[in-house]
Structures are given as structure tokens and as C-alpha cells.
Amino acid sequence: MKFPLSWLKDYLDTDASLDELLGFMLKAGLEVEEVINPAEDLKAFTVCKVKAAEPHPDADKLRVCTVDTVDGEKQIVCGAPNARAGMTAIYAPLGAYIPGLDFSLDKKPRKIRGVESQGMMCSTKELNAGEDHDGIADLDDAIKLGTPAAEALGLDDPVIDFEVTPNRPDWLGVKGIARDLAAAGAGTFIDDPVRKVAGSYDCPITIELDDPEACPVFAGALIRGVENGPSPEWLQARLKAVGITPKSLLVDVTNYISIDRARPLHAYDAAKLAGAIRARLGKDSEHCDALDGKTYQVNSEMCVIADDSGVIGLGGVMGGESTAVSDTTTDVFIESAWFDPLRTARTGRTTGIISDARYRFERGVDPASCVEGVHLALRLITEYGGGAASKVSVAGEAPRRTEPVEFFKRDVARLTGLEIKPAAMKKTLKALGFNIEDTGETWLLKVPSWRFDVEQSADIVEEIARLEGYDALPTTSLPNPGGKRLVATQIQDRVRTARRALAARGFLETVTWSFMPKAFAEQFGGGADVLTVSNPVASELNQMRPSILGNLAMAAQRGVDHGERELRLFEAGPIYLGDGPKDQRSVIAALVRPHQPRHWSGVGGYDVYAAKADLFAVLDAIGQPPARFQVDAPKQPHWHPGQAASLKLGPKVTIAHFGALHPRVLKTLKVDGPLYGFELNLNAVPQMKAKPNKTKPVLEKADLTPIRRDFAFVVDEDTAAGDIVKAAHGADKALVSAVDVFDVYQGQGIEPGSKSIAIEVTLQPRGESLKDADIEAISEKIVAAVAKSTGGVLRG
């Protein structure tokens, strides 16, 4: 929202400087974004008087001028055809920056065709103060020497741009801003009620309301014989100051009132109306040819303005082309209505129209301003365009709040800690437009019609605290925790440690949405209706994610699309398996888009075993020995069969999956493969027993040479190698220090449906060397343990 300072002073009697006013705006909650002050750009320029203008001795089109300036008498070479003795002009000293030409004058005098020039006289275009560039600015001779150029050109009116919060639509009018600033102490509020225009005849255009919920009140009036020429200069200047291009008197007046009083209006060419004008709900078969030159399909949820010819406007959003005013308009009908904010917002979203009217109506327009807005338009149009106005016709009734808000005075101290006298509170509330009925401990407040955000006592407290100044709130420190140190939770510790471990292994951390498209969620076992987002941040992000891997895959593809080769990404965050309190999981997921390096050896690259190694590194970092877990087939459908696995703790608890994502999933995501990674459920990882101290254990150094023996077992082809390794480890936990698989074989000599798995067992003697009999006994234990666990038979 923009407004020039002079416009604000129409409603605020104040002696405050610009900086002081900005301070009051901050105090009142109006967040200033920018102050556009033309005087700042023109502070180097002043008014000068040309004493003499002689022809240049060496150039026909140049004149050598003797000029009285604030810096004394100067000689200036000027090429303007209107330069003459006795004129009043604008002087630019040496070194000044010329905004319209985007360059600075030299700091020392320079010679122009042999004659020294000690400055410059400027045109209005060179100062960005107008479009005249045929000659230098020719000012009124009554303007005194040395007057700042901004003042002489009428450009000493700063424009303030501030952010309007959604709950304060009354700040979309200059009058509403002035009211709050007056309440904050910036000056005295000038109410300036609109003087009614007594119409000379009844309005001949009938107004009908077919749906009072969509449009409860509609006021209008006709003006006959108007001349729709340019609007007055003062009105054009104000519109230009806020970024609106003046068009004609009728259009400019409606735009002016929208900014002045936060009251949108619409002007119809009465000669183009057919029959009565009515506000009703649209029909699915109708369309609207709007003022922006586009045609919009209407539906039954939209409030439209129609006559006997059909739809001529979308209520609260945009008018129609068929009844638009033009330079030839002589009879004009002024509309001032109130449209339901929610319906207006839905119409705007459906059509995609972004207009000033929609912006205001969907936030809320003062319903009591309908008639006042018509009278103000009638007064301005008849004053500057002539014509005869009708009486104002009103259909329906403006919505009113009948119930007062009960305000408890003690709530101010209770909620804010401020001690404010009742008299001061009354003064503030009356300045904001509230009517007060004092009933003792409580006040019954009649809320003004333009305040839609006040519903309860706490809202009143906020108003009082806001205008008292948030800097006046007492400072109270948080209570001392009594020496207790705040400790992170187990999950927080695990996440922090896992993030560091993956970063150390070359992964980049990402933060993605907790949502994904429903079609993508279905690929990861999600897509349940209970996890569909009712009001998504984007239409495609309509499902809570059941896995982080999908978002990581799409992030990796975006990187590839921008020229990256190998990408290593990870994220720690929540996933959602249902809508119950225990259906949220904290996981850490990593994904790699590998790139095979160009190397003569042909080796390298990331694969399923590298993903397993990264997963085991994370487990080890969070204090979980990988050896305690068992590798099993993947349990989730988005993993590639044969190139993925699950990690289990016992027969029932699955803590992680790792491997390659299924090609079907990548095709749905429109992601190039292959992609490898893992997803670890941190909630499923058990808590390790606390260590008695933080010192490292004594190093157990083996004095004896380890003994290694190979075993080959024939087992069923579905038997996991990990089962054999686990059985061999358990044969003698004191002596078996390592078991490694080094061969898997199927073929000649092995029965169909079976396979041979060869392992290397490392025995670490302790205390004394192992004899042959000891080694043989341990070997028999290993064979027996494998046979019992897997049914494996020692291969002959």
C-alpha cells in the first residue's frame, strides 16, 4: 500500500516530521517497506536566475549564460533553445548526479568549444520530474533564488510504501491509516464525513439482489450528461504517486476512492445496460468478457453482476467489457456493493484474476461504506465532469454486528504486564472508533464496522498494547533452571551423530517437503486417504510422504538436469505411515546417483554394497554394532529385487532397507537411474546399555598368531549366507573372531536347488596356543552349528 504524505495529511493534522511519522507507523504496527522521496534525488539542485545569455563565439546553437546561483555567479554554457536572460531555471552544480541522464558532472569546470562551463541548467526530464526535454525548465519568476528544486517543481511529497497485514483491510485506505496514527499519538484525526449529494430525480435503473448471502447490499446512482474527460491535475498527481496511470475522470474517481476510503466502486456506461442490474449466482453455461480482454467461464459458486443481456461482471473481482465506460460515455451508473469475502476469494482463485477489487473484497471491505462511497463519487464526478445526479438507490441491507465484545480491564495487566489507567485505555479505544459502555469491571464495546479482526477481550488487549508501544512491555527473564542442563533426546542425539557421519562420507544434506504427489506416495506404500492434505501448499504436494527417498530422488534428478554427475544426498526427518499418534517415524535416508568414472581399469562406481557400507557406518556411529543385525530380503515394494535387502534385529523388527530403487518407481518419478541408497528407522533402533564411564576400554592385544580355516557348505539355494556366518560365529564366541564369505557356487557337482557357500573362519587363541585336537574340536562345533541352523552339509 502506497500513499504520499500530503494525502495522509488530509485526514491527519500533525506537525511530526517524516522520520517521526515513520516511527509512529512502526509503533502502530504498520511495517514500512520503503520511502520514495524525490527530494532526496534532487537535493543538489536549486533555483537559479539567468542574468545574461550571449551567443557562443564558436557554436551557433550554444549560449554562454551568466547565472546567479546559491554558489554565486557562474558561467554556464547551455544548448537549450529557450535559454534567455531574465528566466528562472534549475541549477546543477559541478559534481552533481543527473538522474534522468544517469551520469555525474565533472567536479572541475570543463571547456565546451573553448568556453569554460561551471555547471548545468536542467530540463524537467533530466531530473525525472517530467517529460519536457525541448528546453531547460522555465519556472515562475516569483520563485526565489536558492529554492530547492524539489520544492519549486512540487516534488517534495514523499511516498510511503508499507505492508498491509491480512487482518487489517481498513489500512488499504488512507483515512484508515490516519485514524490509527492519530490513536498512536501522531496527531489529530480529521474525520471529514462525505457530504451527501441530493439527487434531482429517482434512479431509473432497478437494482435486484437474487442471493443476499453472496451480495447482501448494493447501492447505486445514475449521472446524466457527464463529460468523461481527463481528471483534475491534483487527482492525477495522487494516482501517479501510488503507481496508477490516470485514464479518465470516471475511472480515476473510482480508483481514487478505493485508495482514499478503502471502498472499491465500479462505473457502468448506462447506455449499454439492458434492463435491471442484478447481483446473483452464476450459471455453469455462462461466461464473462472481462475488462482485461479475457473471457472467463462462470460457475454456480460465483457471484456475478448481470442484466438482461447476461453476465456483465464478476462480483468483487472485475467488471465486464460490454458495459465499460469510454471517452464517449455521457450517462454513468455508479455501483457500490458488498460481496462475501470467501466467495470472492474462490472466484479469484478459480479464474486466476488478480485485481485491486479482489484484493480488497476478499480481505473485507467496510459494509457501512456503500452509500458513502456512492455520494463521494457523485460529488467528484459532478464537480469536475458536470451532469445531473439521481438519488442513491439501495437494495438489501449492509451486514451488521449486533453483539458487543465484552472487555475485561484486568486482562491488560494479566496478558501483557502493562499497568495502564482506565482513562488512557478509553482514550485509545475511542480514537480507534469503538463505542464504550462502562459496566464496572468490564466494558461492552461496540466494534466499528471496518474492524473484522476484533472478536474477544484479548483482541482489545492487543490494540491497547500495540498503541501503548510494544517497547513498553516489561522485560522478564525466564526462570533459572536451577543449574540443570538441558539434555537432547535420544533421537536428537542419533540424528545429530548420523548427519555428521554421512557428511564425513561425502554426502550433502537436503531439506525437502514433508509432502509429495499422491501418485508418487503410492509407489512407496503410501497414498492412504487419511494422509491426503486438505489444503496443500501446492496442488501436486497433496500427500504426506511415506518415505524420504522419493523426494531425494527428485532432488537428485534436478541436479542432473543442471549438469551434475554423481550426487550424494541425505536427509533426516519424519515420514508418515498413518494418521495415528504413533504412525510418525524419524528416519535418516541417503541416496546416490552414481557416475561411472572414465578410467582405463574399468573399476569404481557406487553400488548396493557401497550403500550397505554407508548404512553400517551410520549404525556404527550411533553406537549400534552392525554385526548384531541380520540381512534379509527387502520388505518394501520400491526396492529392486536382487539388488536390495532389509536389515533386521531378530525375526520381527526391520530397522532399515538398502540397495537400488526399483526401475518402476524411477519411471513413475520421471527420474533417471540407477539410484542406490538406504533408509534407516531411528525409532526402531534399540537403545544400547549405558556405559559406566566414557573412557575407552583396555586394548586387548593378541599375543598369539590367529588361525584361519576354510569351510564349504552345501545348503538350499534360498538359504542366506548371513545365516551361515551367524551360526559359525556362535559355535565358539571366545575363539571365533571373524567369519567371512569368500565364495558362492552353483553348477557341476552341486544338486539343482542347492548352492555351495564357502567361508573363512578366523580363530584367535588366547592364553596358550591351540593344538591340532583343539582346532579339530572347534571345527566340528562349527560344522554342527551350521548344520543345526541351516541344514548345511560340509562339502566333500
- Residue that is surrounded by the most Cβ atoms within 10 Å (Cβ to Cβ) [pool: residues in the stretch 427-454 that are of a type in the set (D, E, K, R) and closer than 25 Å to Pro367 by Cα]: Arg451
- Message: Checking the conditions here, which among Leu619, Leu675, Leu661, Leu647 is under 17 Å from Phe570 (Cα atoms) and touching a strand residue (DSSP E or B) at 6+ places or on another chain (Cβ under 6 Å)?
- Response: Leu675
- Query: Which is open to solvent by 50 Å² or more (accessible area, probe 1.4 Å) and over 30 Å from the mean Cα position of the chain (by Cα), of Asp289, Asp269?
  - Reply: Asp289
- Message: Looking at (1) touching a Pro at 6+ places or on another chain (Cβ under 8 Å); (2) in contact (Cβ under 8 Å) with a residue 24 or more places away in the chain, which one does Arg195 not meet, given that it meets all the others?
- Response: (1)
- Task: Please work out if Val530 is assigned to a helix (DSSP H, G or I), open to solvent by 20 Å² or more (accessible area, probe 1.4 Å) and within 26 Å of Gly642 (Cβ to Cβ).
- Result: no
- Task: Considering (1) in contact with a helix residue (DSSP H, G or I) (Cβ under 9 Å, 6 or more places away or on another chain); (2) basic (Lys, Arg); (3) open to solvent by 100 Å² or more (accessible area, probe 1.4 Å), say which one Arg410 fails and leave the rest.
- Result: (1)
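Okay, residues lined up against (1) within 32 Å of the chain's Cα centre (by Cα); (2) touching a residue at least 12 places away in the same chain (Cβ under 8 Å); (3) more than 18 Å from Trp639 (Cα to Cα):
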position: Lys582; (1), (2), (3): yes, no, yes
position: Leu591; (1), (2), (3): yes, yes, no
position: His595; (1), (2), (3): no, yes, yes
position: Asp607; (1), (2), (3): no, yes, no
- Item | Residues within the stretch 151-194 that are open to solvent by less than 10 Å² (accessible area, probe 1.4 Å) and of a type in the set (D, E, K, R), tallied | 2
- Item | The one condition in (1) more than 14 Å from Ile277 (Cβ to Cβ); (2) of a type in the set (Ser, Thr, Tyr); (3) open to solvent by 30 Å² or more (accessible area, probe 1.4 Å) that Ser309 fails to fulfil | (1)
- Given the conditions (1) open to solvent by 40 Å² or more (accessible area, probe 1.4 Å); (2) closer than 28 Å to Leu763 by Cα, which single one is not true for Ala721? (1)
- Note on the stretch 735-753: residues over 24 Å from Ala644 (Cα atoms) and open to solvent by 70 Å² or more (accessible area, probe 1.4 Å) are Gln748, Gly749, Glu751, Pro752
- Filter result (more than 13 Å from Val115 (Cα to Cα), open to solvent by 30 Å² or more (accessible area, probe 1.4 Å) and not aliphatic (A, V, I, L, M)) within the stretch 44-68: Lys49, Lys51, Asp60, Lys61, Asp68
- Query: Can we say Pro641 is open to solvent by 40 Å² or more (accessible area, probe 1.4 Å), in a loop (DSSP other than H, G, I, E, B) and in the same structural domain as Ile575 (by TED's automatic domain parsing)?
  - Reply: no
- Message: Looking at the stretch 121-145 only, could you name the residues that are surrounded by fewer than 22 Cβ atoms within 10 Å (Cβ to Cβ), more than 16 Å from Met87 (Cβ to Cβ) and of a type in the set (Gly, Ala, Ser)?
- Response: Gly130
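The values are calculated or read from the model by the stated rules, or taken from the named source; none is laboratory data. Quick caveat: nothing in here was measured; it's all calculated off a predicted structure. In this analysis, Cβ positions are derived from the backbone assuming ideal geometry, glycine residues included, and neighbour counts consider all displayed protein chains. When the accessible area is computed, the model is the full protein with side chains, heavy atoms only, and any ligands, DNA or RNA have been set aside. Shrake-Rupley method; radii C 1.70, N 1.55, O 1.52, S 1.80 Å.
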